[in-house]
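Peer 1: Right, I'll just put the structure down here and ask away after.
The values are calculated or read from the model by the stated rules, or taken from the named source; none is laboratory data. Every value quoted in this text rests on a predicted model; they were computed, and no experiment measured them. Because the Cβ atoms are built from the backbone with ideal geometry, glycine has one as well, and the counts that use them run over all protein chains shown. We work out accessible area using only protein heavy atoms, side chains counted, and drop any ligands, DNA or RNA first. Shrake-Rupley method; radii C 1.70, N 1.55, O 1.52, S 1.80 Å.
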Amino acid sequence: MFPNSSNLGRPPFPPKYQQQSTFFTKLPCTPLSHQQIIVPPLHFCTAVGNIEATPAVTPVVTLQPMTYGSVSPVSMPDALTSFQGRKRKRQQSVPDHAKRQRVHSHDSDTTVVNQAVPLPEEHRRSFPASGSIQSPVLWAGSSPVSIGCVLPLQDTLFPCPAEAYRFPVAKDKLSQQVLEVFQACQQQASDLSRKELCRTELQKEIQLIFPQSRLFLVGSSLNGFGTRTSDADLCLVVKEEPVNTNFFYDFNTTFQVNQKTEARCILSLVQKLFSTKLCNYIERPQLIKAKVPIVKFRDKVRQVFCSTNVDFDLNVNNVIGIRNTFLLRTYAFIENRVRPLVLVVKKWASFHEINDASRGTLNSYSLVLMVLHYLQTLPEPILPSLQKNYPECFDPTMQLHLVHQAPRTIPPYISKNGSSLGDLLMGFFKYYATEFDWCHQMISVREAKAVPRPDGTEWRNKFICVEEPFDGTNTARAVREQQKFDMIRGELAQAWRLLQEKKDLNYILPLKAVKQKR
């Protein structure tokens, strides 16, 4: 697929050297040849199997399980041993009766949320800081028995819905329609594997220019809210000086990049690489000089399982995107009504053209936070504040190579609220159409409540204020015009009115058109 790729998906060196990679030791500042850079072997999700690409472009690729970022940087064998069909050493000595006991232990039971329980009309409130859920144990040298609902990325990059996701019960027509859209449009394992294949090959090429760098896949592709048509977001993490700590690179100490100058300079080199050496594999590389500059491009290579190309956005050292990816991923999987609700809201906003930050409306990240906030502020909350209940799992100073591991042991959230998907969708539109105070309040998922607007310049004279959970910036700052704000509020009110009267999703989101467009 890429010029420096030979035998894609297989280790570029013999297996006995896989644990002796020198990639994370000090490298010279001058560009190196591909043979001089040791890149860890590619491990893909097994859900796709063998990918047959266009014969003229690339040979058949055998996909294997992957670890996040295609690297196993922590020296904890039990916690990070990649799954390749082999038993771990610790498990080989476990007697059969002990294994059976562990499989049937109470920790592995799946709790079903009560359904269709009507809620009284009460004032909204926020979830208290301290809940009844026990905080998970962070790994420290050994891997505890996982009791969480967020599956580890090294075992399966994107959980198979049939095995790892229990769909909510949908008894009424509107709920069934919400679930139908979700099942038809949710991102598939093959979609994600294709993005990961591109990411791992791009990392090899970029490391020829920036040896001390690493490329992360972030955003909706990994956070559980992706669709079949979702773009892929990439974060290029560049470091000034290497740190040699037990053969892994400490990406937590990435140097601060000035997004207006240094980031643009780095991205201009990446754009030049894409426009010249990789022009047969990437099209339309464009440098967008936004507050956080990005290179937008499209993957030219089509796979047999996907007839369309994937659009990518690549930024430099915007590591907040890595942290919030796994915060949102945890919200996505601790309650089984969250993902269908978010996906339908995103599809609705896109259909009504209010889901495009480049045109002054809401970006997808803000829409996701709006849904999470609504679910947190119900009389009986469906979601807690994960950052309050599990501060150790979402510590903003946590090293980047640990971020994806921390949420693994967080258990499902058991809510007393049994509202159906249809009722929750109507409640979402009602809340933002009639209850939320846009002029004086800020949406805060971190606090699990609506809070008074801060007085800083970030929030002054802004039409919509949505707090980024980690750095406290306004994720909805793109809404700068009164007309766009009025259009967003108008669509929310219209959706609330139509759903209240018709109880039919087709009146706000034509199901046939959505399924065809997926």
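Peer 1: Return the pair list, or none, for Cβ contacts closer than 6 Å from residues in segment 435-453 that are touching a residue at least 24 places away in the same chain (Cβ under 8 Å) to residues that are open to solvent by 10 Å² or more (accessible area, probe 1.4 Å) and among the basic types (Lys, Arg), at least 6 apart or on different chains.
Peer 2: So the pair list comes out as Met442/Arg453.
Peer 1: Here's a follow-up. Here are the criteria: (1) crowded, with 19+ Cβ neighbours inside 10 Å; (2) in contact with a strand residue (DSSP E or B) (Cβ under 9 Å, 6 or more places away or on another chain); (3) at pLDDT 95 or above. Tell me which single one Gln441 does not satisfy.
Peer 2: Of everything listed in (1) crowded, with 19+ Cβ neighbours inside 10 Å; (2) in contact with a strand residue (DSSP E or B) (Cβ under 9 Å, 6 or more places away or on another chain); (3) at pLDDT 95 or above, Gln441 misses just condition (1).
Peer 1: Got a sec? Which of Thr409, Thr397, Thr361 is in contact (Cβ under 8 Å) with a residue 60 or more places away in the chain and either touching a strand residue (DSSP E or B) at 6+ places or on another chain (Cβ under 9 Å) or more than 29 Å from Lys289 (Cα to Cα) (or both)?
Peer 2: Exactly one residue qualifies, and that residue is Thr409.
Peer 1: State whether one or more residues within segment 424-434 are out of contact with any helix residue (DSSP H, G or I) (no Cβ under 8 Å at 6 or more places or on another chain) and either open to solvent by 10 Å² or more (accessible area, probe 1.4 Å) or not β-branched (Val, Ile, Thr) (or both).
Peer 2: So far as segment 424-434 goes, no, none of its residues is out of contact with any helix residue (DSSP H, G or I) (no Cβ under 8 Å at 6 or more places or on another chain) and either open to solvent by 10 Å² or more (accessible area, probe 1.4 Å) or not β-branched (Val, Ile, Thr) (or both).
Peer 1: Residues of segment 457-498 being part of a loop (DSSP other than H, G, I, E, B), β-branched (Val, Ile, Thr) and within 21 Å of the chain's Cα centre (by Cα), which ones?
Peer 2: Correct list: Thr473, Thr475.
Peer 1: Something else about it: Can we say Cys265 is out of contact with any Phe, Trp or Tyr (no Cβ under 8 Å at 6 or more places or on another chain), assigned to a helix (DSSP H, G or I) and at pLDDT 70 or above?
Peer 2: yes
Peer 1: Considering only residues that are closer than 28 Å to Asp395 by Cα and of a type in the set (A, V, I, L, M, F, W, C), look in segment 339-356 and name the one that is surrounded by the most Cβ atoms within 10 Å (Cβ to Cβ).
Peer 2: Val342
Peer 1: Looking at (1) open to solvent by less than 10 Å² (accessible area, probe 1.4 Å); (2) more than 20 Å from Asp423 (Cα to Cα); (3) not β-branched (Val, Ile, Thr), find the lone condition where Lys300 falls short.
Peer 2: Among (1) open to solvent by less than 10 Å² (accessible area, probe 1.4 Å); (2) more than 20 Å from Asp423 (Cα to Cα); (3) not β-branched (Val, Ile, Thr), Lys300 violates only (1).
Peer 1: Another question, then. Can you report the number of residues in segment 312-338 which are assigned to a helix (DSSP H, G or I) and either out of contact with any Ser or Thr (no Cβ under 9 Å at 6 or more places or on another chain) or surrounded by fewer than 23 Cβ atoms within 10 Å (Cβ to Cβ) (or both)?
Peer 2: Matching residues across segment 312-338 total 14.
Peer 1: Could you go through segment 451-458 and let me know if any residue there is β-branched (Val, Ile, Thr), in contact with a strand residue (DSSP E or B) (Cβ under 7 Å, 6 or more places away or on another chain) and buried (at least 18 other Cβ atoms within 10 Å of the Cβ).
Peer 2: no
Peer 1: Something else about it: Return yes when Arg446 is basic (Lys, Arg) and surrounded by 23 or more Cβ atoms within 10 Å (Cβ to Cβ) and no when it is not.
Peer 2: Here the answer is no, as Arg446 does not meet what is asked.
Peer 1: A follow-up question, please. Please work out which residue is nearest to Leu222 (Cα to Cα), limiting yourself to segment 382-394 and to residues that are open to solvent by 10 Å² or more (accessible area, probe 1.4 Å) and either outside any loop (DSSP other than H, G, I, E, B) or free of Cβ contacts under 8 Å to residues at least 12 places away in the same chain (or both).
Peer 2: Only one residue tops the list, namely Gln387.
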